[in-house]
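Trainee: Just passing along the structure, written as structure tokens.
No lab work stands behind these numbers, since they all come straight from the coordinates. Worth saying up front: this structure is predicted, and the values here are computed from it rather than measured. Positions of Cβ are generated from backbone atoms using ideal geometry, with glycine treated the same way; all protein chains shown enter the neighbour counts.
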Amino acid sequence: MDVMNFLAHGLDKLKWKPSTAKAYKSAILQLFSPSGWTTISENDLFQLFLKQMNSDSFKRLHNADIDLTPIMSYLHNLRDNFQLDITDLMAKTCFLLATCGFLHPDDLACTDAAQCSIKDNTLMLVVMFPKER
């Protein structure tokens with residue numbers, strides 16, 4: 001459950017609020033196929049983790065290794081950027097920007113595929129209603 005370990009790391013080490021972890025969870029699951037995110041979301045341990053995340057009895061894991069191999073393999077196995085449809089290219093770009101810390105989880109929900117375009121081999125990513133900082 002690499003996604004769960006990643007979220008636990010954010011809650012513990014990065015002091016995320018549960019709402020931030022939920023936003024990251026949503027953004028990460030959008031990168032998987034519908035059957036992939038359904039498998040993760042319906043996992044009993046994952047559901048228990050999400051319930052406990054808001055409680056005071058949540059035990060934080062320390063020194064948890066985070067294996068991003070599955071998501072990196074998924075991104076690597078996507079077709080060449082020039083062959084991706086705009087929605088997949090937008091999801092890939094948002095994930096990479098979020099990983100680098102340039103795009104916050106709240107912003108991911110505000111990207112609009114219908115308004116994104118490719119011009120001169122550059123993805124024009126449209127973020128609607130960016131959060132005030």
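Trainee: Using amide H atoms built 1.01 Å from N in the peptide plane, name the residues 5+ places from residue 111, or on other chains, whose amide H lies under 5 Å from its own.
Mentor: 128
Trainee: Around residue 88, what is the net charge, scoring Lys/Arg as +1 and Asp/Glu as -1 over all other residues with Cβ under 14 Å from its Cβ? Before the final figure, lay out the partial values.
Mentor: Working: positive: 79, 92; negative: 80, 85.
Value of the local net charge: 0.
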